[in-house]
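Q: Quick one: structure below, then a few questions.
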Amino acid sequence: GLSEKLQGVFKKLKGKGILTEADINDAMREVKLALLEADVNFKVVKQFVDSVKEKALGQDVLASLTPAQQVVKIVNDELVSLMGGTNSKLTYSPRGFTVILMAGLQGTGKTTTCGKLANYLKKNGKKPMLAACDIYRPAAIDQLEIVGKNVDVPVFTMRDCKEPELIAEKAMKEAELKGYDVLILDTAGRLQIDEDLMNELVRIKQRTKPHEILLVVDAMTGQDAVNAATGFNEKLGIDGIIMTKLDGDTRGGAALSAKSVTGKPIKFIGVGEKFDALEPFHPERMASRILGMGDMMTLIEKAQESYDEEKAAELEKKMKKNEFTLEDFLDQIGQIKKMGGLAKILDMMPGMNNKAMKDVDLDSGEKEFVQMEAIIQSMTKAERKDPSILNASRRKRIAAGSGQPVSKINNLIKKYEEARKMMKQFTNAPKFKKNKMFRG
Ligand code: GDP
Ligand code: MG
């Protein structure tokens, strides 16, 4: 699926360390294919990839993130904005009585979603009522009544009436009279958009003046779902989309492009057949679901927040002059600690949580950090600046001073040497000197 493909791309990038423009181009070619395969609209894909590329190539170095992490972050942010940025909420009538018109093609999940939405509203303190405006099959009315029973919400019906707009109007009166505050209108669908269906919906719209016209589309139908949304929006005017069947083996492309193609946000997603399987749509959550990044984004944001810019600049200068001292090392560990500890950071990163990474764990807890601090504080200024002078007798003295065994001192020096080596490699890379992540 899309997730696996994108994760594969990022894994390759991670293995590279510093990235060239060619690396980015290769990665973006793969991202493009993955999106097209997931049935995302071609124009949307092109725009998306171009925009990610541009941002990736122009990005400044953030000392707290690796280049691969930064690419992941850019892709994530672009996905989020593609899907509308933030969660779009339902509009309720200021007057206190809200009408929601549900529309959509046959089989997309309208009737089921009416029940799910009623259930959701009830949980959020509303008093919803349902109305059966699908007059073409008696079974449709029966179905809505069963749905209503399931979620314990009353269903308004007029079995002999052949005018859906009249049913809707009567339902409004009844619901208001009985003290309900949201009326959800279930309507008929067709296999395809046609004049009759649109005229019927327009009549219901004119008669009830709904505060929300929600279009139900089936994610499994990919770009057809997006095309249907465009059609309904042009002919009826919609306020938002509910995308159903995102639980199955769907390719997910429709969720990505719906907003940018139709201009209307996805407000909810259906993730199963049960009545609690409806979720408000959050672009950020969807993006991390697609990227399979778990809490990765939270982590990256945390890293950005807690990494002191000034300190980063200072450290960079020192690294260039090869003056990375034990005190800087301690500082660096302090930064990691601020982010919640290296172990936690590694845990949050899928694919990074392996044994080899665990072995370089610099901070397995508060305690170890405190111990390291104590050890470094027991050193003289000269020793902190140039740990190479730390012979056996000096190490013994520090051990005694810090209350730690000599093995801990040796261990600390080893880790410091490793970190210094790593930093040296980093500073020797030409791209870093240009203070750009990638060769432009
Ligand atoms: P309508 O013709 O638009 O009213 O569609 P229905 O509400 O009758 O639903 C058609 C089918 O889709 C039913 O079998 C539903 O159980 C199923 N369905 C609806 N929403 C979802 C969903 O989010 N996930 C899955 N897996 N099935 C759904
Ligand atoms: Mg139905």
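Q: Return yes or no: is LYS122 within 30 Å of GLN192 (Cβ to Cβ), in the same structural domain as ASP196 (by TED's automatic domain parsing) and in a helix (DSSP H, G or I)? Please lay out each step first, then the result.
A: Details: within 30 Å of GLN192 (Cβ to Cβ): no; in the same structural domain as ASP196 (by TED's automatic domain parsing): yes; in a helix (DSSP H, G or I): yes.
Here the answer is no, as LYS122 does not meet what is asked.
Q: Can you find a residue in region 173-193 that is more than 16 Å from ligand 2 (Cβ to nearest atom), part of a helix (DSSP H, G or I) and touching a residue at least 60 places away in the same chain (Cβ under 8 Å)?
A: Checking region 173-193: at least one residue is more than 16 Å from ligand 2 (Cβ to nearest atom), part of a helix (DSSP H, G or I) and touching a residue at least 60 places away in the same chain (Cβ under 8 Å).
Q: When only residues in region 123-138 that are surrounded by 12 or more Cβ atoms within 10 Å (Cβ to Cβ) and of a type in the set (Gly, Ala, Ser) count, which is nearest to ligand 2 (Cβ to nearest atom)?
A: The qualifying residue nearest to ligand 2 (Cβ to nearest atom) is ALA132.
Q: Here is a further query. Across region 88-108, what is the total count of residues that are assigned to a loop (DSSP other than H, G, I, E, B), within 16 Å of ligand 2 (Cβ to nearest atom) and under 19 Å from ILE204 (Cβ atoms)?
A: Going residue by residue through region 88-108, those that are assigned to a loop (DSSP other than H, G, I, E, B) are 88-97, 104-108.
Imposing the further condition that a residue be within 16 Å of ligand 2 (Cβ to nearest atom) reduces the set to 104-108.
Within this subset, residues satisfying the condition of being under 19 Å from ILE204 (Cβ atoms) are 104-106, 108.
Count: 4.
Q: Criterion first (in contact (Cβ under 8 Å) with a residue 24 or more places away in the chain and not charged (D, E, K, R)) does ASN199 satisfy it?
A: The answer is no for ASN199.
Q: Also: Scan region 100-116 for residues that are closer than 13 Å to ALA132 by Cβ, in contact with a helix residue (DSSP H, G or I) (Cβ under 6 Å, 6 or more places away or on another chain) and within 7 Å of ligand 1 (Cβ to nearest atom) and jot them down.
A: Residue satisfying the conditions is THR111 alone.
Q: Continuing with the same structure: Under the condition of being over 23 Å from the mean Cα position of the chain (by Cα) and in a loop (DSSP other than H, G, I, E, B), which residue from region 222-259 is farthest from ligand 1 (Cβ to nearest atom)?
A: For region 222-259, the residue satisfying everything is GLY237.
Q: Here is a follow-up. Would you confirm whether any residue within region 75-93 is within 13 Å of ligand 1 (Cβ to nearest atom) and of a type in the set (Asp, Glu)? Step through it out loud before you land on a result.
A: Applying the first criterion (within 13 Å of ligand 1 (Cβ to nearest atom)) to region 75-93 yields none.
Among the residues of region 75-93, not one is within 13 Å of ligand 1 (Cβ to nearest atom) and of a type in the set (Asp, Glu), which makes the answer no.
Q: Between residues in region 139-164 that are closer than 15 Å to LYS110 by Cα and within 12 Å of ligand 2 (Cβ to nearest atom) and residues that are in a loop (DSSP other than H, G, I, E, B) and among the aromatic types (Phe, Trp, Tyr), which pairs lie under 7 Å by C-beta distance while being six or more apart or on different chains?
A: Once the first residue is closer than 15 Å to LYS110 by Cα and within 12 Å of ligand 2 (Cβ to nearest atom) and sits in region 139-164, no partner that is in a loop (DSSP other than H, G, I, E, B) and among the aromatic types (Phe, Trp, Tyr) comes close enough.
Q: Would it be correct to say that GLU54 is acidic (Asp, Glu), touching a residue at least 60 places away in the same chain (Cβ under 8 Å) and surrounded by fewer than 18 Cβ atoms within 10 Å (Cβ to Cβ)? Steps first, answer last, please.
A: Details: acidic (Asp, Glu): yes; touching a residue at least 60 places away in the same chain (Cβ under 8 Å): no; surrounded by fewer than 18 Cβ atoms within 10 Å (Cβ to Cβ): yes.
Judged against the criteria, GLU54 is not a match.
Q: Any chance region 29-46 includes a residue that's among the aromatic types (Phe, Trp, Tyr) and surrounded by fewer than 17 Cβ atoms within 10 Å (Cβ to Cβ)? Let's see the steps before the verdict.
A: Step one: of region 29-46, the residues among the aromatic types (Phe, Trp, Tyr) are 42.
Narrowing further to those that are surrounded by fewer than 17 Cβ atoms within 10 Å (Cβ to Cβ): 42.
Yes.
Q: Restricting to region 139-166, count the residues that are crowded, with 22+ Cβ neighbours inside 10 Å and away from ligand 1 (no atom under 16 Å from the Cβ).
A: Residues meeting the conditions: 1.
Q: Oh, and also: Just to be sure before I move on: is ALA34 touching a Gly at 6+ places or on another chain (Cβ under 9 Å) and in a helix (DSSP H, G or I) in the structure I sent?
A: Working: touching a Gly at 6+ places or on another chain (Cβ under 9 Å): yes; in a helix (DSSP H, G or I): yes.
Against the criterion (touching a Gly at 6+ places or on another chain (Cβ under 9 Å) and in a helix (DSSP H, G or I)), ALA34 qualifies.
Q: While we're here: Test each condition in (1) within 16 Å of ligand 2 (Cβ to nearest atom); (2) part of a helix (DSSP H, G or I) for ASN76 and report the one that comes out false.
A: Going through the list (1) within 16 Å of ligand 2 (Cβ to nearest atom); (2) part of a helix (DSSP H, G or I), ASN76 breaks only (1).
Q: Among the helices (runs of 4 or more DSSP H) lying completely within region 350-440, list those that include at least 2 residues that are at pLDDT 70 or above. Talk me through it step by step, then tell me what you get.
A: On the way: elements: 355-359, 366-377, 381-385, 392-402, 406-428, 430-433.
Output list reads 366-377, 381-385, 392-402, 406-428.
Q: Here's something else I'd like to know. For region 161-170, does any single residue satisfy the condition of being of a type in the set (Lys, Arg), touching a strand residue (DSSP E or B) at 6+ places or on another chain (Cβ under 9 Å) and in a loop (DSSP other than H, G, I, E, B)? Lay out the reasoning, then the answer.
A: First, pick out the residues of region 161-170 that are of a type in the set (Lys, Arg): 162, 170.
Of the ones still in play, those that are also touching a strand residue (DSSP E or B) at 6+ places or on another chain (Cβ under 9 Å) are 170.
Restricting the remaining residues to those that are in a loop (DSSP other than H, G, I, E, B) gives none.
Within region 161-170 (the criterion being of a type in the set (Lys, Arg), touching a strand residue (DSSP E or B) at 6+ places or on another chain (Cβ under 9 Å) and in a loop (DSSP other than H, G, I, E, B)), the answer is no, since none of the residues qualifies.
Residue-wise test of (1) farther than 15 Å from LEU214 by Cβ; (2) buried (at least 20 other Cβ atoms within 10 Å of the Cβ).
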residue: THR66; (1), (2): yes, no
residue: VAL75; (1), (2): yes, yes
residue: ASN87; (1), (2): no, no
residue: GLY104; (1), (2): no, yes
residue: LEU117; (1), (2): no, yes
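Q: Also, I was wondering about something else. Is there a residue in region 246-266 that is closer than 14 Å to LEU105 by Cβ and modelled with pLDDT under 95? Lay out the reasoning, then the answer.
A: First, the residues of region 246-266 that are closer than 14 Å to LEU105 by Cβ: 254.
Keeping just the survivors that are modelled with pLDDT under 95 gives 254.
Scanning region 246-266, I find at least one residue that is closer than 14 Å to LEU105 by Cβ and modelled with pLDDT under 95, so the answer is yes.
The values are calculated or read from the model by the stated rules, or taken from the named source; none is laboratory data. Here the structure is a predicted model, which means the values were calculated and not measured. Cβ atoms come from the backbone with ideal geometry, glycine included; neighbour counts cover every protein chain shown.
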